[in-house]
Amino acid sequence: MKQKYMILKNNEKNELIIREFAELDKEVLSFLCEERYNGEVITAAMAQGRNAMFTALRTQNMYPPGLYMDKIIEVVKAMYDPEKSDTENPGADIFFNDMDYLTKDSREPEILEEIIDEEPEDIDELLDDDIEDDFDDKEAIDPFNSPLKIADDDVLDVEDDV
C-alpha cells in the first residue's frame, strides 16, 4: 500500500500538523488522519532524543511503522532546525510504498559442490511387495472409551417424533 504523510509547521499557532493519506483505490490517495502537536512538546521531545520523538509523534490514531517514523522524525527535526529559516521548511510530503520494504532482491543460489549420484538400486528391489511379519503380531486397536456417556432416557425414538 502506498502512503503519504504531509507534515506542516504552523508558526502562528506554534503547532506541528501531520496528515496521513493512503492509497485505498488505485492511484487515489485517501485522507485517513490528521494529528496536531504543540510545538513546545515537539521541541522538548527533540531535546530528549529519538525515543522521545517516537513517543511524542505516535498516537492512538496515527501509529506509523518504525521505518516510516525514522523518516518523519528526520523531516520534523529539519523543520525545527533553528539555523534554517521558517520559509525554507513550511511543509514536506513524504511518500512510502510497502512494496519497497517487502520485496527482496533474489539471488541465484550458490552451488558449493556438485553431487554425483551413484548408480540407482535395482528397480525390482524398490518395488518388492514383501510385508514384514511383525505387523501380523500386533494386537488389535483398543476401542476408544469416551468420558461422555449418553443416558438411556435420552435415546431418540424415531416413532415418537413422527
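Every number here is computed from the coordinates shown, using simple stated rules; none is lab data. Treat the numbers as computed from the prediction; the structure is a model and nothing was measured.
Multiplying the residue separation of Tyr101 and Ala22 by 0.36 nm and subtracting their alpha-carbon distance yields 26.8 nm.
Between Lys149 and Ala52, the contour length at 0.36 nm per residue exceeds the alpha carbon distance by 28.7 nm.
Mean sequence separation of contacting Cα pairs (under 8 Å, at least six apart), scaled by the length of region 2-99, corresponds to a relative contact order of 33 percent.
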